[in-house]
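Below is one structure, written out as structure tokens, with a few remarks after it.
No value in this document is a laboratory result; all are computed from the given coordinates. The structure presented is a predicted model; accordingly, all values stated were derived computationally and were not measured. With ideal geometry, Cβ positions are generated from the backbone for all residues, glycine too; neighbour counts draw on all protein chains shown.
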Amino acid sequence: MKKVGVAILGLGIVGGGAYKILTQNRDFYCKTQNVDIFVKSVLECDKARIESLGVPQEQIAENIFEIVSDPDVNIVVECIGGITDARSYVIDALNAGKTVVTSNKELICKYSHELERTAKRLNAGLYFEASCVGGVPIVRTLLDGVQSNKISSIEGIINGTTNYILTEMSKEGVGYQDALAAAQRLGYAESDPTADVEGFDAAYKLSILSSLAFHTKVPFSKVFREGISSVTPEDISNGSDLGYTLKLLAVGKDTGDGIEVRVHPTFVKKSHPLAGVDGSFNAVYLTGDAVGEVMLYGRGAGELPTGSAIVSDIIYAATHEGSRYSTFKNNATAEKDVKFVSDFASAYYMRLDVTDRAGALAKITAMLARKNISIVELLQKSNGAESATVVLVTHSTHETAIKNAVSRINASGVASVRSVIRVLS
Ligand code: HSE
């Protein structure tokens, strides 16, 4: 039977999960895949972690050079995270002709061109299913499962931490800080939650997934990004009254006029399949010209779900001749003729504090109308003496039109806009 040796760099949550799965399922893969995949070595400096995973002494490598020079290591799994060491270790492994499997979204997002060029030159493989949406097999779906399609859109809940926080805020009516604290207690959010709550994590993943879906590099710098730290329970409750659920949505579209990529809080109709994706679960909803709509749902983080993605890549690499590369075309940027749309179209939810006097509402709607913004729904709640809250949802308009209208309203003295949230239309 063919033997395939694996080295794992980093035994944190994800590397540890991959280690457990590979060790526990070795016989199963021999039986079902006809290949003996074994852990040859690990690189990890935390001795307690090594002990808790029961890693035998002979599997512990001293440094990266020991691993890349070992002829029995065929596949190097990078689960270190960050980009400094990870980038140089992956390049070392590829230069030694080893296939690399990585869970590192920032690395693939920023350096896929460099890594893939090196991999191709050395005829090595480069696999990154675990970098996007954990255990949800979205990378393989885009590369293989729906490759017959022109994909027009990807809409996804691709960050579990923020989905957990927004679900808590929606279901329990708690504020952002309390929901974040609960997420931290449960280990969903880091002590510095910035990467998740400000949308960086989702933006890296969206950059990778859009590059695959639209067959051109979609650089991180093109992704419009707004996080959830300013979201209020009041807006979530108003949205709910109007039939919406709030999600941090990642949206990639190829509209024909160009590619738009954005991550921001979004109101989704309660009847939309994404509205029911709660807690730390993730989902990606694709639209292709032939297949129509496809939705993948599952766990986007965690040791075994993300370990599952890593080990599936290892098995794919171990059982296929030659390597399947992404379609990023080894570029850091898109081709010259690809346009990116920043003034994207969307419907909007708006909450305003209004001076409750005759004609105030007429003035607000006139300022919106001047920007050709039409209202679909409107609610007004009186706050007592001469003050009211107005909540409205617009028809589809454009980002620039909304920003201009908001500036005019705020300068008018009639009302101040307290929040603006995009609505999936
Ligand atoms: N921190 C991510 C999330 C998982 O909350 O979904 C890793 O990308």
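Its Cα gyration tensor gives the stretch 64-170 an equivalent ellipsoid. The semi-axes, each the square root of 5 times an eigenvalue, are 29, 18, 11 Å from largest down.
What's the percent breakdown of Cα-Cα distances in the chain across 20 Å bins, shortest bin first? It works out to 25, 50, 20, 4, 0, in whole percents. What the phi angles of the stretch 260-266 give under the Karplus curve with 6.51, -1.76 and 1.60, with θ = phi - 60°, is a coupling list of 10, 9, 7, 10, 6, x, 9 Hz, glycine and proline written as x. With the helix formula -39500 (n - 2.57) applied to DSSP H stretches of n ≥ 4, the chain reaches a computed 222 nm mean residue ellipticity of -11000 deg cm²/dmol. With a ≥ b ≥ c the root eigenvalues of the C-alpha gyration tensor of the stretch 318-366, is it rounded (a/c under 1.5), prolate (a/b larger than b/c) or oblate? Prolate. Considering only 214, 273, 358, and ranking their Cα positions along the charge dipole of the chain that arises from unit charges at the beta-carbon of Lys, Arg, Asp and Glu, the one farthest toward the positive end is 358.
Distance distribution P(r), the stretch 135-234, all Cα-Cα pairs, bin width 5 angstrom from 0: 2, 12, 21, 19, 15, 12, 10, 6, 2, 0 percent. The ranking of 201, 241, 92 by Cβ neighbour count inside 10 Å, starting from the fewest, reads 241, 92, 201. Please say if the stretch 28-92 is rounded, prolate or oblate, where rounded means a/c under 1.5 for a ≥ b ≥ c the square roots of the C-alpha gyration tensor eigenvalues, and otherwise the choice is prolate for a/b larger than b/c and oblate otherwise? Since a/c reaches 1.5 but b/c is at least a/b, the shape of the stretch 28-92 is classed as oblate.
Given charges of +1 on the Cβ of Lys and Arg and -1 on the Cβ of Asp and Glu, with all other atoms neutral, how large is the dipole of the stretch 2-131 about its Cα centre, in debye to the nearest 20? Each step should come with its number before you reach the end.
Numbers: 15 positive and 17 negative charges, 90 e Å.
That gives a dipole near 440 debye.
Along the axis of the charge dipole computed for the chain (Cβ charges of +1 for Lys and Arg, -1 for Asp and Glu, origin at the Cα centre), the listed residues 300, 413, 60 are led at the positive end by 413. Computed across the stretch 1-149, the Kirkwood radius stands at 15.8 Å (inverse of mean 1/r, all Cα pairs).
For the chain, with only Lys/Arg (+1) and Asp/Glu (-1) charged at the beta-carbon, what is the dipole magnitude about the Cα centre, in debye rounded to 20? Numbers along the way, then the final one.
Working: 43 positive and 48 negative charges, 229 e Å.
With only Lys, Arg, Asp and Glu charged at Cβ, the dipole is about 1100 debye.
The string of couplings for the stretch 361-375 from the Karplus curve (6.51, -1.76, 1.60, θ = phi - 60°) is 5, 4, 5, 5, 5, 5, 5, 5, 4, 4, 9, 6, 9, 10, 9 Hz, one whole number per residue in order, with x for Gly and Pro.
Between residue 366 and residue 237, what FRET efficiency follows from the Cβ-Cβ distance if R0 is 41 Å, with the result rounded to 0.05?
Details: r = 28 Å, r/R0 = 0.69.
According to the calculation, E is roughly 0.90.
According to the calculation over all Cα-Cα pairs in the stretch 345-423, the P(r) per 5 Å bin from zero is 3, 17, 31, 28, 14, 6, 1, 0 %.
Please work out whether the stretch 257-343 counts as rounded, prolate or oblate from its C-alpha gyration tensor, where a ≥ b ≥ c are the square roots of the eigenvalues and a/c under 1.5 means rounded, while otherwise a/b larger than b/c means prolate and anything else oblate? Don't skip to the end; give the middle numbers.
Numbers: a/c = 1.98, a/b = 1.08, b/c = 1.84.
Note, shape of the stretch 257-343 comes out oblate.
Overall, the stretch 247-376 carries a charge dipole of about 660 debye about its Cα centre when +1 sits on the Cβ of Lys and Arg and -1 on the Cβ of Asp and Glu, all other atoms neutral.
Using Cα pairs closer than 8 Å and at least 6 residues apart in sequence, work out the relative contact order for the chain, in percent. Working shown, then result.
Values: 906 pairs, mean separation 72.8, N = 425.
Computed value for the chain: 17 percent relative contact order.
Candidates 96, 153, 131 compared by Cα position along the dipole of the chain: farthest toward the positive end lies 153, with charges placed on Cβ.
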